[in-house]
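So the structure is just underneath, and the comments pick up after that.
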Amino acid sequence: MHMAAVSPDTGTMPVRAFGTFTQDLHDLAAWFQSCGVTSVAMKSTGVYWIQAYEILEAYGFEVILVNAQYAKNVPGRKPLRLPIGMTT
């Protein structure tokens, strides 16, 4: 399962869960587009990020791969628990 979050200002459901099948990842990209997302930051855990990265990049997003250890230590943030997050 991939968890994704956008700014709470973009709609009523700022956090959503998506499956791991290809169609689920296309749905994730479409949701990001509908929320006006232009760049996505995601943790690189195992090999699970690769297909999501490729699909998001194909949709034209600026995809930033972050080390999970560094993402957990961002000042002012709650502990990162989402495999996929976004920045705008």
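The values are calculated or read from the model by the stated rules, or taken from the named source; none is laboratory data. None of these values were measured; they are calculated from a predicted model. Neighbour counts are summed over all protein chains in view; Cβ atoms, including those assigned to glycine, are modelled from backbone coordinates with ideal geometry.
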Qualifying positions in the range 22-46 - more than 11 Å from the chain's Cα centre (by Cα), among the hydrophobic types (A, V, I, L, M, F, W, C) and at pLDDT 95 or above: Ala30
Evaluation of Trp49 against (1) surrounded by 13 or more Cβ atoms within 10 Å (Cβ to Cβ); (2) hydrophobic (A, V, I, L, M, F, W, C); (3) modelled with pLDDT of 90 or more (one fails), failing number: (3)
Scope the range 1-16; condition closer than 27 Å to Ile50 by Cα, at pLDDT below 90 and not small (Gly, Ala, Ser); matching residues: Met1, His2, Met3, Pro8, Thr10, Met13
The range 16-44, residues that are β-branched (Val, Ile, Thr) and outside any loop (DSSP other than H, G, I, E, B): Thr22, Val40
Qualifying residue in the range 60-68 (condition: touching a helix residue (DSSP H, G or I) at 6+ places or on another chain (Cβ under 9 Å), on the phi < 0 side of the Ramachandran plot, modelled with pLDDT of 95 or more and part of a loop (DSSP other than H, G, I, E, B)): yes
